[in-house]
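Reviewing the structure listed below.
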């Protein structure tokens with residue numbers, strides 16, 4: 001149980017185009033999903049927190065108009081990289097938070113990641 | 001804003017125990033210590049977490065010092081497939097913030 005999927009796993013696009021990445025919780029409902037970005041040989045950087053039915057909360061320095069996040073249902077969040085440029089090439093990873101009663105902190109499960117290459 | 005310090009890299013012989021240290025001297029009383037690992041080009045994998053007591057599961061053991069300012073992740077019998085970057089995370093809210101981690105290389 002507690003599987004998170006991402007689609008696509010890899011995408012190559014031309015500069016100036018937009019790319020949508022989907023994050024799905026397959027067997028549980030996730031009220032909150034998180035989006036991370038990871039450059040080569042670096043750690044994961046939290047980009048934004050996405051709550052179902054409300055606007056995402058972006059980390060400082062992350063452009064909300066460039067990285068559009070939609071969390072339309074309890075099992076799906078999407079990240080759209082608009083007008084992508086080569087510097088946006090990165091590994092994008094989502095995580096979904098499983099809400100369980102009686103625990104201090106809710107567990108997070110990570111997706112397998114999406115590698116974006118912008119030419 | 002990671003609140004942890006880990007050595008950048010470590011080596012371990014296959015079949016031996018791998019002991020990965022983590023310093024978190026500013027940890028607050030209600031913050032948990034989480035460990036994840038990331039194998040190249042994959043999403044992070046949960047390993048274990050704890051508050052103040054030592055914890056053990058099928059993957060690893062977590063030893064937290066009495067003052068909670070540091071912890072050690074123990075992989076009892078490391079295999080080549082345990083080669084990965086290991087992240088120690090102090091979690092005080094729902095979001096997870098990753099530090100640089102320790103790159104563990106298990107050698108035959």
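Tabulated values for the structure
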| read-out | value |
| --- | --- |
| Lone unmet requirement of (1) within 11 Å of another protein chain (Cβ to nearest Cβ); (2) within 14 Å of the chain's Cα centre (by Cα) for residue B:3 | (1) |
| Filter result for residue A:46 (free of Cβ contacts under 8 Å to residues at least 60 places away in the same chain, within 14 Å of chain B (Cβ to nearest Cβ) and surrounded by 13 or more Cβ atoms within 10 Å (Cβ to Cβ)) | yes |
| Residue in the range A:81-89 that is in contact (Cβ under 8 Å) with a residue 24 or more places away in the chain, assigned to a loop (DSSP other than H, G, I, E, B) and surrounded by 19 or more Cβ atoms within 10 Å (Cβ to Cβ) present | yes |
| Among the residues listed as A:116, A:68, the single one being modelled with pLDDT of 95 or more, surrounded by 13 or more Cβ atoms within 10 Å (Cβ to Cβ) and within 14 Å of chain B (Cβ to nearest Cβ) | A:116 |
| Some residue of the range A:90-98 being more than 10 Å from chain B (Cβ to nearest Cβ), outside any strand (DSSP E or B) and touching a strand residue (DSSP E or B) at 6+ places or on another chain (Cβ under 9 Å) | no |
| Flag if residue B:81 is within 14 Å of chain A (Cβ to nearest Cβ) and either part of a strand (DSSP E or B) or closer than 21 Å to residue A:109 by Cα (or both) | no |
| Condition check for residue A:85: at pLDDT 95 or above and more than 14 Å from chain B (Cβ to nearest Cβ) | yes |
| Strands (runs of 3 or more DSSP E) wholly inside the range B:1-76 that include at least 1 residues being surrounded by fewer than 17 Cβ atoms within 10 Å (Cβ to Cβ) and at pLDDT below 95 | B:32-38, B:45-50 |
| Selected residue (criterion: surrounded by the fewest Cβ atoms within 10 Å (Cβ to Cβ)) from residues of the range B:98-108 that are in contact with a strand residue (DSSP E or B) (Cβ under 6 Å, 6 or more places away or on another chain), within 14 Å of chain A (Cβ to nearest Cβ) and at negative phi | B:103 |
| Hits in the range A:49-58 (condition: surrounded by fewer than 17 Cβ atoms within 10 Å (Cβ to Cβ) and modelled with pLDDT of 90 or more) | A:57 |
| Residue check, residue A:77 within 14 Å of another protein chain (Cβ to nearest Cβ) and surrounded by 15 or more Cβ atoms within 10 Å (Cβ to Cβ) | no |
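Each row is one residue, and each column tells you yes or no for (1) closer than 15 Å to residue B:3 by Cα; (2) away from chain A (no Cβ under 11 Å); (3) touching a strand residue (DSSP E or B) at 6+ places or on another chain (Cβ under 8 Å).
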position: B:17; (1), (2), (3): no, yes, yes
position: B:25; (1), (2), (3): yes, yes, yes
position: B:30; (1), (2), (3): yes, no, no
position: B:39; (1), (2), (3): no, no, yes
position: B:42; (1), (2), (3): no, no, no
position: B:53; (1), (2), (3): no, yes, yes
position: B:58; (1), (2), (3): no, yes, no
position: B:70; (1), (2), (3): yes, yes, yes
position: B:77; (1), (2), (3): no, yes, no
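The values are calculated or read from the model by the stated rules, or taken from the named source; none is laboratory data. Since the structure is predicted, the reported quantities are computational estimates derived from the model, not experimental observations. Because the Cβ atoms are built from the backbone with ideal geometry, glycine has one as well, and the counts that use them run over all protein chains shown.
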